[in-house]
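Participant: Before I ask anything, let me first share the structure, which is written out below as structure tokens.
Derivation of every value follows stated rules applied to the coordinates shown; laboratory data play no part. Just so you know, these numbers come straight off a predicted model, no measurement behind them. Neighbour counts are summed over all protein chains in view; Cβ atoms, including those assigned to glycine, are modelled from backbone coordinates with ideal geometry.
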Amino acid sequence: MRGKSILLGLVLAVVVLSCGKKDVPVVDDYYFTFEVKISNRISEPTIINGLFGHVLEYEGNFMPSADGETKKPDTVRNELYLYEASYLEQIQQAKVQKNGTDFYDLKVLAKNEILPKYIIKPNKSGFYQVDTNQKEYLLLIHTRKNLGYYNGGPLKVGQATTQLRRMNMKIDYNATF
């Protein structure tokens with residue numbers, strides 16, 4: 001019995017000592033994109049800091065009418081892409097215009113290895129939430145195939161705040177106000 005214990009100890013010692021740090025591959029350049037899917041059961045924020053709201057699509061005429069009726073936007077499930085704030089210049093270089101509206105080519109960004117840190121997938125009622133962890137991000141809404149949009153350019157969100165902020169995301173390039 002004692003011989004087996006000594007033999008087992010020697011085998012373990014050889015295995016542990018034979019694994020040198022130089023044998024382990026080191027990857028210096030890694031980047032993760034976190035895909036966050038919001039549950040359909042969530043309708044109120046479950047976070048204590050960051051952003052929450054609905055993704056709304058405005059399409060058509062939203063001008064005030066004489067009868068006092070106002071058209072309401074549709075809630076949609078368009079994904080929200082949050083990029084690190086340091087990518088502002090690269091995102092601006094991916095700008096394309098279609099029918100006088102500025103969009104951002106997501107395929108060009110991915111090709112240039114500019115990947116979002118978070119992809120937020122709203123639930124079926126369009127509700128989203130994201131904890132920015134007190135960091136600054138640039139937000140684009142995935143609107144069409146490989147195109148991102150936000151009225152006025154990528155929206156800066158986050159910063160060093162510990163507040164919860166309601167912010168409805170608007171897709172309004174096909175609307176008149």
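Participant: Over the Cα atoms of the chain, how large are the radius of gyration and the largest Cα-Cα distance (Dmax), in Å?
Facilitator: Computed over the Cα atoms of the chain, radius of gyration and Dmax are 24.2, 97 Å.
Participant: Moving on. Can you give the % of DSSP beta bridges in the chain that are antiparallel, to the nearest 5?
Facilitator: 65
Participant: Taking 20 Å as the cut-off for C-alpha to C-alpha distance, list the pairs among LYS98/LYS145; LYS135/LYS156; LYS37/LYS98; LYS111/LYS170 that go past it. Display every interim value, and only then the final one.
Facilitator: Numbers: LYS98/LYS145 13 Å; LYS135/LYS156 10 Å; LYS37/LYS98 29 Å; LYS111/LYS170 27 Å.
Table pairs above 20 Å Cα-Cα are LYS37/LYS98; LYS111/LYS170.
Participant: Please give the length that would be gained between GLN93 and SER43 if that part of the chain were fully extended, namely 0.36 nm times their separation in residues minus their C-alpha to C-alpha distance (nm, one decimal).
Facilitator: Working: separation 50, 0.36 × 50 = 18.00 nm, distance 3.63 nm.
Separation in residues times 0.36 nm, less the Cα-Cα distance, equals 14.4 nm.
Participant: Considering only THR143, ASN99, ALA66, whose Cα is most displaced toward the positive end of the charge dipole of the chain, charges sitting on Cβ of Lys, Arg (+1) and Asp, Glu (-1)?
Facilitator: THR143
Participant: If you put +1 on each Lys and Arg Cβ and -1 on each Asp and Glu Cβ, how big is the dipole of region 99-160 around its Cα centre, in Debye rounded to 20?
Facilitator: 240
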